[in-house]
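**Q** First, the structure itself, so that you have it in front of you.
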Amino acid sequence: MTPDAPATPDPVLAVRGLSVRFRMRGDTFVRAVTDASFDLRLGECLALVGESGCGKSVLASALLGLLPGNAETAGSAHLGDTDLMTAGENVLARSVRGRRIGLVPQSPAAHLTPVRTVRSQLEETVRELTGPPRAEVRAAAERAAERAAFPADHLDRHPHELSGGLAQRAATALALIGDAPLLLADEPTTGLDRDLVERTVDELKRHTGDSRALLMITHDLAAAERIADRVAVMYAGRIVEIADAGDFFGARGPRHPYAGRLLDALPEREFTPIPGMPPELTALPDGCAFAARCTRATERCDRLPAFENSVACHHTLEVQRA
Amino acid sequence: MADLTWRATAAPRRSTRTWRVSTSAVVVGLVVLAVLVVPPLVNLDEQAVDLGAKLQPPSWAHPFGTDDVGRDLLLRCVYGLRVSLLVGVVAAVVATVIGTAVGAAAAAFGGWADRVVMRLVDLFSSVPHLLLGIFIVAMFRPGVWPVVISVGLTHWLSTARIVRAEVLSLRSRPYVDAAISGGASRWRVTVRHLVPGVLPQAGLAAVLMVPHAIWHESALSFLGLGLPTHQASLGTLVQSARGSLLAGDWWPTLFPGLFIIVPTLAIAGLAGAWRERLNPRRRSELML
Amino acid sequence: MLELSAVTAGYEPRRPVLRDIDLDVEQGESVGLLGPSGCGKSTLARVAALLHRPESGHVVVDGETVHDWRYRAPRELRTAFGVVFQQPRLSADPRLRLAALIAEPLRAVGRTGEIPRRVEELAATVGLGAELLARRPHEVSDGQLQRACLARALVLRPRYLVCDEMTAMLDASTTAALVAVVEDYRRESGAGLLAVGHDRTLLERWCGRTVHWSQLTGDRGGDRAQDLEPAGRTAPGTA
């Protein structure tokens, strides 16, 4: 399972064989993430897509070291030379969260402290992360707001006085302060209007530029199509396909049957649901987890397909789809 | 995939909390054991007077020392705790039942009924608890039940407020809309969706009320208004020790005092852990 | 036919979030109401489903003028509507197992005898297995919970369905599945549908007729929480 990348500079984030499981009562396990591997390079935007409950948010929490106490992990996730999976809470709190990974949260309104103004939250973060001389904190906070296109005349407002779009920008401004090389956006567009979705992801793309890498976790395929360079599709805890976004959404189309059916479910395409539901993460089959819902499944699918050539399937959709 | 080595995740600040919770649990367990098991088991008379051994400092024979008529203070403390705990628990249950009923009814009906009830609650709250409690006990002869009634009737106000606020917040949930659309009556929504939703909060309030009620009983008894002085309760013990304390004899005050403070802190500690469990962000450890 | 005429509604006196709105939904018709978030379209949906009393205006359901809302509305009128909301987590009583959640309306109207059969039928319709039916809301995913909420909305066989951003939190496949369930029910029962949302592509694909909020207000607007830029595109005509 080697990444299919040419000899380019070292990745910002290198995830290898990352697995997360939750220990439940009676020693059963919820296998939320299984054997995930991918690279993320500077200037690149990787969209991790999948249905709700497929484990993509757990993956994000694992990278941030925010898993609950009953979780266990395996594999590695190197951010530079730090392995996020083995680094202690002290390292994560002091040198990773905010400084090397900026988090763009799912619901900005809940992410911001309701009783304090945007300015005071920006200033606090500036002080905490960059520690400039006292006199420059105010100016630095205003620069941070400007960078995220947050209007200066709204700085003294409280979060509930902001529209959804502005709250999202305030949260983005906070995420950008530490100049982290990796931006992690967890469902940044949930519940937003289409226009606001487009604006939000465009801004994320702009902030990524050439100096950062963006990992966007989303169930919104249209948002992924808009800004992603590469797409990773997750199903029942596994990454089943990683593809160039242009190919994936374009004429070539996805190669994994699940990814194909997921795209077909979009209202702008066939609008047909995939029959059945994903398997429970407590009772994953030994073979391909999608086989039970897959029209191409044969007995070969009782064996777990290896992740080869960026796809994990015995019967890939290699032919161009009509 | 074959050779997966699983690592537990570091869960910060969990150990100190576990320590606090388990200490509290041990203390509460000991208290319950002492109160339920010791009196019938040892079968000693806590009222046994021994004028030859009065005001003895702690020793092997009397670990907590003796009081001014020579009664064993350890035994008196255990019996006192028994009475105080009984008063505390019953009074807390009375207060919680009244508070939950009033708060839930006010919120469920809303409108003017809510306004009238809550203004009454405000009115009651403006009178100091202790004063009201004294007024109530003064109407009866000294005894356990007047104290229970006094504490119960003065302590439901905060529970009523908590329950009302909680019901009001649940009332605006979409699942109440869905229930209305499904044909449910106001009564059904209240008893099936709203009240069960606040029971954990009300239960927590009840547990937190127990130490409060114990303190209140002690205060009333200390003022000589609660239990008759010969009956051991933590309050009467501290009260009757006043004279000795001035003479420099510390143990008749210290041990009952500790018996008030340590169990109440332990109960509050357990209640704190429970409150944390109620916190919705912690409730589902799984984040799928 | 469901007729809303000159509806003005809000949550505080003299600060209506919507003003003077007219909207009709015929029996068997599917109407998509498209608008930006915060514009008041959810409030209109709640007025239509008899869940929020408007300050003024009329609601007429199949010729019957509505005089009372919420608990005061006659039960036959209330249960003529099935409602599904955006956030399944908030729409489900956290203590009820999914089977009880789906059966709740039958229990509320005293038709407990039908529970086993209807729950089984609807669970199959929305694709929930027996194992999932025995779980509580926090043990299932958003998509699975929304399936249960849709089943609950259908259990009394409503004459109208009101879906307020039903699929906003869901992935493409679950969205398509739930829409298919709604459409099957409509075809079979002839019920009317008011689907409120902000996703133009979805609503135009789903509904026979799509109305933009600005068409209802005649672009008087102005009441929505101010945003930095106005929603760029204006609505094309009805489909």
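**Q** In whole percent, what relative contact order does chain C give with Cα contacts below 8 Å and a gap of six or more residues?
**A** After rounding, I find 28 percent.
**Q** Order these peptides, B:64-77, A:120-133, by their mean beta-carbon neighbour count within 10 angstrom, highest first.
**A** Answer by packing, highest mean first, reads B:64-77, A:120-133.
**Q** Still on this structure: Could you name the lysines whose alpha carbon sits less than 21 Å from that of residue A:56, not counting residues in the same chain fewer than 8 places away?
**A** Result set, ordered by chain and number: A:205.
**Q** For the stretch A:109-179, what does the relative contact order come out to in percent, with C-alpha contacts under 8 Å and a separation of six or more?
**A** It comes to 46 percent, rounded to a whole number.
**Q** Same structure again: Ratio of alpha-carbon Rg to the 2.2 N^0.38 Å globular estimate for the stretch A:109-179, to two decimals, please.
**A** Dividing the Cα Rg of the stretch A:109-179 by 2.2 N^0.38 Å gives 0.98.
**Q** Whole percent per 10 Å bin, from 0 to the bin with the longest distance: what is P(r) over all C-alpha pairs of the protein assembly as shown?
**A** The distribution over the protein assembly as shown is 2, 11, 17, 20, 19, 14, 9, 5, 2, 0, 0, given as percents.
**Q** Compute the FRET efficiency between residue C:90 and residue B:141 as 1/(1 + (r/R0)^6), taking r as their Cβ-Cβ distance and R0 = 51 Å, and round to the nearest 0.05.
**A** 0.45
**Q** Let me ask another. Just from its helices, what would the mean residue ellipticity at 222 nm be for the protein assembly as shown, if runs of 4 or more DSSP H residues each count -39500 (n - 2.57) and the sum is divided by every residue, rounded to the nearest 500 deg cm²/dmol?
**A** Value at 222 nm, helices only, nearest 500: -13500 deg cm²/dmol.
**Q** State, as an integer percentage, the relative contact order of the stretch A:21-132 based on alpha-carbon contacts under 8 Å between residues 6 or more apart.
**A** 18 percent
**Q** Moving on to the next point. Regarding chain A, what is the average projected area of its C-alpha convex hull, in nm²?
**A** Reported value for the Cα convex hull: 17.7 nm².
**Q** Now, a different point. Using the number of other C-beta atoms within 10 angstrom as an exposure proxy, rank C:76, C:55 with the fewest first.
**A** Fewest to most other Cβ atoms nearby, the residues stand as C:76, C:55.
**Q** Which of the peptides A:104-115, B:250-261 is most tightly packed, and how do the rest follow, judged by the mean count of other Cβ atoms within 10 Å per residue?
**A** With the highest mean Cβ count within 10 Å placed first, the list reads B:250-261, A:104-115.
**Q** Residue-wise, which Karplus ³J(HN,Hα) couplings in Hz belong to the stretch A:98-105, taking 6.51 cos²θ - 1.76 cosθ + 1.60, θ = phi - 60°, and x for glycine or proline?
**A** Per-residue couplings from phi come out as x, 8, 10, 10, x, 9, 9, x Hz.
Every number here is computed from the coordinates shown, using simple stated rules; none is lab data. Bear in mind that the values here come from a model prediction, so they are computed numbers and not experimental data. Backbone-built Cβ (ideal geometry, glycine too); neighbour counts: all protein chains shown.
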